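Coordinate-derived values only; no laboratory data. Computed from a predicted model, the values in this text were never measured in an experiment. Here Cβ is always computed from backbone atoms with ideal geometry, including for glycine, and neighbour counts include all displayed protein chains.
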Ligand SMILES: Cc1cc2nc3c(=O)[nH]c(=O)nc-3n(C[C@H](O)[C@H](O)[C@H](O)COP(=O)(O)OP(=O)(O)OC[C@H]3O[C@@H](n4cnc5c(N)ncnc54)[C@H](O)[C@@H]3O)c2cc1C
């Protein structure tokens, strides 16, 4: 699917200021942008490639979650606590390197995140068994992982998110401890996009795939390796933003500390 990204001709002018700038047009960035827009923020999403997608569009597209409508239809009684417990079964010799708190975030947030994806048009087949999970929890996106991007892009555009592809974020501009702009490299030269409320940087490395992937040029603070479902995290971060920037307009917030 080709994304209908804005051309430079219709790009926002350099003087435009957004409440929130999201860097990265994969599943995580699109989720963050949609949620920030739902809070009434003026949102700009920047993607370095010619089209949205990132590794979300390459993925297998399985989502492991408890308490889904799909489980309910099959009469499967499940809980985030059981999901969290079963995940430890994957650790083996690496158990000491696991982060149980982060695992808890994933397990607790998945039921809501799964419903959020359904609300935005994403459809799943399943749940399928996924040992050592004690219950069938693996939901496979239909028809393939590109569907995450197709549906979330549609939702973002419908909501009024401004999307600019071909814009690689190269620097975060911080003044007095506040993030005020993001510098980008584009085919037409350098551009600066201004932010009032902060920014999400969503390019990530997953623990599972890091050995096979080139390290992305992550702007801002490096968050280290983590394997929490990034869509979950994006929604949580957007909710946190709601608490910190309400109303959106005119608020200049400190960049998130992690
Ligand atoms: C082969 C494969 C199979 C996978 N299978 C599964 C699976 O079945 N289930 C599962 O849960 N996970 C799976 N994953 C992991 C999952 O795909 C990722 O964790 C998830 O898609 C990451 O989403 P994201 O939005 O953070 O990153 P991405 O989808 O990679 O999006 C990041 C975006 O940021 C853009 N970007 C990067 N740097 C900049 C910059 N400087 N300026 C502007 N834009 C920038 C990138 O071009 C990209 O579009 C798989 C991954 C791979 C590679």
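The table that follows gives values for the structure above.
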item: Distance (nanometres) between label positions extended 7 Å along Cα→Cβ at residue 96 and residue 119; result: 4.3
item: Order by protection proxy (mean Cβ within 10 Å, highest first), peptides 180-187, 164-171; result: 164-171, 180-187
item: Extended-chain gain in nm, criterion 0.36 nm per residue less alpha-carbon gap, residue 72 and residue 170; result: 30.7 nm
item: Spin-label model distance (nm) - residue 79 vs residue 58, 7 Å beyond Cα toward Cβ; result: 3.9
item: For a label point 7 Å along the Cα-to-beta-carbon line of residue 88, residues of segment 126-166 with backbone N under 17 Å; result: 132-135
